[in-house]
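First comes the structure, then the notes that go with it.
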Amino acid sequence: MITMHTINAPQRSLLGGAMIIGGTIIGAGMFSLPVVMSGAWFFWSVAALVFTWFCMLHSGLMILEANLNYPIGSSFNTVTRDLLGNHWNILNGITIAFVLYILTYAYISASGSVIQHTLREMSVDFSPRLGGLMTALAVAFIVWLSTRAVSRMTAIVLGAKIIAFFLTFGGLLWHIKPVNLLNSVEHNPSYAPYVLATLPFCLASFGYHGNVPSLMKYYGKDPQMIKKCLLLGTLMALGLYVIWMLGTMGNIPRQAFVGIAERGGNIDVLVQSLSQVLNSARLDLLLTLFSNFAVACSFLGVTLGLFDYLADLFKFDDNRMGRFKTALVTFIPPIIGGVIYPDGFIYAIGFAGLAATVWAVIVPALMARASRQRFGSPRYQVWGGNKMIMLVLLFGLLNAAVHIIFSFNMLPVYR
């Protein structure tokens, strides 16, 4: 008997799956990292990113472990319902929808600020509310047309983003000042108290878990290949985040981030601050282009996921009228949020981290434990036994606690 794995394996490269994971993780959310991590500064921030990467990689591997006990094509929701019951599945579904809605709002907010900054460079005054609204309507139209239209547009934007990325970071790294990166100016600076507050943002920056069942469709039941894809894709994201932190914190003094945060910490404020410090017209243009492409790429991917999720939830038809109804349900709530409060990018990313704690960390750990109890996980089992499950669970609970405590202003904030 010829299995799907036997047929597909020679035609599926490791790089293809790794790019799916890396492309899903790396988006406009990376612009929040230097702002929220300015208190902890570079070395503590890198430590927080590495710890988060380790836990998020293993929570993804736990989804793989559980998913391998089900037929290829079984969704995250199917496995959750069967292993943990309907109550956990409902909670999981609510958190997924919440994350996607929050991120859609975040990218409406981000797109408005980026468009305002771009047009300001051309001496055109433009409202961020109007920019966000216009971008949301344009994305809604593309998503309404078809998944193919989103795929083609994403491919174009992703290609442009990659080119702008390497050109931008080459320029940023060339201008790094050790006095900024090492924060030599401050006397007796404090970093450790600010580390905890960065964790929810780190978690939100390593979201790829919905793609694990998709990789099983792509490679068949080949856990070692999928494991390599997750490892390479997440390491790719980790490496780029560290380079981004190096480029921003090596060019902008720590004290300057206080002003950036006070102005909402949106993408345009960070890009404007980098432009002023670097005083380079070429780098300013590249930063502006990269921020536009990063927001557009993330915006398209997140809204397509939310669109498909809501279409399935409400059982809307896949014809023009059905897709129009889905588009209304998908875009109207976050558009209203973007018009009322256009500067909520940083806050939205933080709330996404809180909700993602449930479906990307806590639920996968519980699924792996239930899978071992029921099936024994014969095809693949994440190393570390119950201790690894406990570590991932504690990481999730710590993130949830940090966000709640932070919401009540009980954690130190760098000002």
Within region 59-78, the count of residues that are open to solvent by less than 10 Å² (accessible area, probe 1.4 Å) and under 19 Å from Ala355 (Cα atoms) comes to 4
Note: among Asn92, Asn8, Asn77, just one is in a helix (DSSP H, G or I) and modelled with pLDDT of 85 or more, namely Asn92
Just one of (1) surrounded by fewer than 23 Cβ atoms within 10 Å (Cβ to Cβ); (2) under 30 Å from Ile389 (Cβ atoms) trips up Phe316, so point out which. (2)
Any idea how many residues of region 159-187 are among the aliphatic types (A, V, I, L, M) and open to solvent by 60 Å² or more (accessible area, probe 1.4 Å)? 7
Would you mind finding the one in Gly210, Gly239, Gly159 that is at pLDDT below 90, closer than 27 Å to Leu285 by Cβ and either assigned to a helix (DSSP H, G or I) or touching a Phe, Trp or Tyr at 6+ places or on another chain (Cβ under 9 Å) (or both)? Gly159
Residue check, Phe42 without any contact (Cβ under 8 Å) to a residue 12 or more places away in the chain, open to solvent by 10 Å² or more (accessible area, probe 1.4 Å) and not hydroxyl-bearing (Ser, Thr, Tyr): no
State yes or no: is Leu84 at pLDDT 85 or above, closer than 24 Å to Val271 by Cβ and open to solvent by 20 Å² or more (accessible area, probe 1.4 Å)? no
Just one of (1) buried (at least 22 other Cβ atoms within 10 Å of the Cβ); (2) free of Cβ contacts under 8 Å to residues at least 60 places away in the same chain trips up Leu270, so point out which. (2)
On the basis of being at negative phi and either surrounded by fewer than 17 Cβ atoms within 10 Å (Cβ to Cβ) or in contact with a Lys or Arg (Cβ under 7 Å, 6 or more places away or on another chain) (or both), does Gly259 make the cut? yes
Residues that are more than 21 Å from Ala365 (Cα to Cα) and aromatic (Phe, Trp, Tyr), drawn from region 200-241: Tyr218, Tyr219, Tyr241
Can we say Thr118 is closer than 24 Å to Ala352 by Cα and hydroxyl-bearing (Ser, Thr, Tyr)? no
Within region 188-218, of all residues that are in contact (Cβ under 8 Å) with a residue 40 or more places away in the chain and polar (S, T, N, Q), the one surrounded by the fewest Cβ atoms within 10 Å (Cβ to Cβ) is Ser214
Among the residues of region 340-362, is any assigned to a helix (DSSP H, G or I), surrounded by fewer than 17 Cβ atoms within 10 Å (Cβ to Cβ) and of a type outside the set (Lys, Arg)? yes
Regarding Gly350, is this residue in contact with a Pro (Cβ under 6 Å, 6 or more places away or on another chain) and not aliphatic (A, V, I, L, M)? yes
Exclusive hit being assigned to a helix (DSSP H, G or I), of a type in the set (D, E, K, R) and touching a residue at least 24 places away in the same chain (Cβ under 8 Å), set Arg254, Arg323: Arg323
Looking at this structure, is Gly93 closer than 30 Å to Met390 by Cβ and open to solvent by less than 30 Å² (accessible area, probe 1.4 Å)? yes
Residue by residue through region 285-333, note down the ones that are charged (D, E, K, R) and under 12 Å from Leu100 (Cβ atoms). Asp308
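The values are calculated or read from the model by the stated rules, or taken from the named source; none is laboratory data. What you see is a predicted model, and the numbers here were worked out from it, not measured in a lab. When we count neighbours, we look across all protein chains shown, and the Cβ atoms used for this are built from the backbone with ideal geometry, even at glycine. SASA here: full protein model, heavy atoms, side chains in, ligands and nucleic acids out. Shrake-Rupley method; radii C 1.70, N 1.55, O 1.52, S 1.80 Å.
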